[in-house]
Amino acid sequence: MIMRKKTLIALALTMGLLAGCGNSNTNAASAESSSSASAQSASTIENTGVPGSSEAESDAANNDVADDIEEAIDASDDNDASDNNGSSENDESSDEQTKETIEDSLNAASLKDLYADNFMLGVGINGSTLENQTLNLPEYMELSKKHFNSCTMTNLMKSGYILDQQGSIESLKTGDGTPALFFGSIDPTLEWCKENGMKMRGHTLVWHTQTPGWFFREGYTDDGEYVDKDTMLMRMESYIKQLITHVQEEYPGVIYCWDVVNEAVEPDSYDPDSDFMCRTKCGEDPNPWYDTIGPDYVEAAFTYARKYADSDVKLFYNDYNTYQPVKTNAIYTLCESLKEKGLIDGIGMQGYWGIDYPSDQMIETAIRKFAELGLEIHITELSIGVDEETDEQFEKQGKRYGDVFSLLLSLDDENGGPANITSVTLFGLIDHYREGDTTNTRIFYSDYSPKPAFHKIEDLMKNN
């Protein structure tokens, strides 16, 4: 019980550090979600199922989650009290049943093998702290290795976990003023990938959310003035160089692509002089990358990433609501410019979709548009949720997953389609992977038994 309580408290503290931009796009939020559920990502609270329009959207739920954490702590106390009075025989029976369920799932056909001729299949390694990340669940990792050949750290590779404020301040006093980095949040998962032959999507180098405010300020202080453009460019380059170099030297061949810039296109709050609708705000908060560098920050990030990444590592632009026509066109304009300069290899389309929305036609239209650029296309964060966890809703969820995969296969150039789709990532493996998590967008239940979604994805290839 003590360890569970510590983990929950650590999560609460972590969320305070990581609070993002809240409801950055209310119009997008309603468009991204269906009338039943959109199951948007919660980068800060690890996909709790709170509706929104991007990873940053669910940060608005932090206040509610604080209450949920208190309830979860109380529940853990209650559970431990009942555990002490419960039967050890029941515990053993439950453990044996779970073991059998996992063995059945491990004996199922490997999804990555079924789709090997079309695209890589990725899975999210969830977690907002070192303690609650799914790397600590052996069953989760074994099943991930069985069915997937790519993974994404959904939270712990973001700069808020890697930048070291005190080390950066010391660098100003005694060194060259470059930011200090700490890799403790990412090394364990990278080591697991290295040992198990798993590839990883690097997520993400530059994002306006979950980058600490002090990184943009004089003296690396919380209340300093913004630094000038040249200083910020130096800090950006140093950060990208240090992170990419560390990964390539310590874990060669693990990361095969980077989401270099995340969510820089925003039709609801953009620089009118920007050809690609460069984001100026995140909700009511500023975009500090834009405020310190201007819209050039996107190209600068790709320039530095190209400079330091190995030649076989692909560089991606990643965004949500990519199916909305205005945003599709803006992303196309941005990526066309980057391609002309030799700076980009692909476009990442987040997939926080509902059972009924967006339509397959909307997704197809966007993919066909991006395919005109000749860039690779990744579905980077596929998450399709339900409002109610009923058999009927999960059957509908399964059908939707099957329809999405069928659409992607039909559009993939391996099957005569127009698009070079090379990776599809499900942003997690099991529902409710830890106490307090309400996610229901995954393809396995919390006991590791396959949901209808798994069977739809499996049957699609087994029956072809």
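All conditions but one from (1) closer than 21 Å to T380 by Cα; (2) open to solvent by 20 Å² or more (accessible area, probe 1.4 Å); (3) touching a strand residue (DSSP E or B) at 6+ places or on another chain (Cβ under 7 Å); (4) not hydrophobic (A, V, I, L, M, F, W, C) apply to Y270; the one that does not is (1).
Look at I102 and say whether it is open to solvent by less than 40 Å² (accessible area, probe 1.4 Å), of a type outside the set (D, E), at pLDDT 95 or above and assigned to a helix (DSSP H, G or I). Explain how you work it out, then say what you get.
Values: open to solvent by less than 40 Å² (accessible area, probe 1.4 Å): yes; of a type outside the set (D, E): yes; at pLDDT 95 or above: no; assigned to a helix (DSSP H, G or I): yes.
Here the answer is no, as I102 does not meet what is asked.
Scanning the range 188-232 for residues that are open to solvent by less than 10 Å² (accessible area, probe 1.4 Å) and in contact with a Pro (Cβ under 9 Å, 6 or more places away or on another chain) yields F215, F216, Y220, M232.
With respect to the conditions (1) among the aromatic types (F, W, Y); (2) open to solvent by 10 Å² or more (accessible area, probe 1.4 Å); (3) closer than 20 Å to I355 by Cβ, F444 lacks only one, and its number is (2). Is it fair to say S94 is of a type in the set (S, T, Y), open to solvent by 20 Å² or more (accessible area, probe 1.4 Å) and at pLDDT below 95? So S94 passes the test.
Quick check, is F394 open to solvent by less than 40 Å² (accessible area, probe 1.4 Å) and more than 20 Å from E263 (Cα to Cα)? Break it down into steps so the answer makes sense when it comes.
Working: open to solvent by less than 40 Å² (accessible area, probe 1.4 Å): yes; more than 20 Å from E263 (Cα to Cα): yes.
Yes.
Being more than 18 Å from F427 (Cα to Cα), under 23 Å from the mean Cα position of the chain (by Cα) and of a type in the set (G, A, S) holds for only one residue in G385, G351, G346, G402, and it is G346. Among the residues of the range 303-325, those that are open to solvent by less than 40 Å² (accessible area, probe 1.4 Å), in contact with a helix residue (DSSP H, G or I) (Cβ under 9 Å, 6 or more places away or on another chain) and closer than 16 Å to R201 by Cα comprise A305, A309, V313, L315, Y317, D319. Checked against the criterion of being crowded, with 20+ Cβ neighbours inside 10 Å, assigned to a helix (DSSP H, G or I), at pLDDT 95 or above and touching a Leu at 6+ places or on another chain (Cβ under 9 Å), the candidates I363, I331, I347 yield just one match: I363.
Have a look at E381, E395 and point out the one that is touching a Pro at 6+ places or on another chain (Cβ under 6 Å) and modelled with pLDDT of 95 or more. Going through E381, E395 in turn, just one is touching a Pro at 6+ places or on another chain (Cβ under 6 Å) and modelled with pLDDT of 95 or more: E395.
Quick one: is L121 in contact with a Ser or Thr (Cβ under 7 Å, 6 or more places away or on another chain), among the aliphatic types (A, V, I, L, M) and modelled with pLDDT of 95 or more?
The answer is yes for L121.
Here the condition is being over 28 Å from D187 (Cβ atoms), among the acidic types (D, E) and touching a helix residue (DSSP H, G or I) at 6+ places or on another chain (Cβ under 9 Å); of D296, D273, it holds for D296 alone.
The values are calculated or read from the model by the stated rules, or taken from the named source; none is laboratory data. None of the values given here were measured: they were computed from a predicted structure. As a convention, Cβ positions derive from the backbone with ideal geometry for all residues, glycine included, and neighbour counts pool all protein chains shown. With ligands, DNA and RNA removed, areas are computed over all heavy atoms of the protein, side chains included. Shrake-Rupley method; radii C 1.70, N 1.55, O 1.52, S 1.80 Å.
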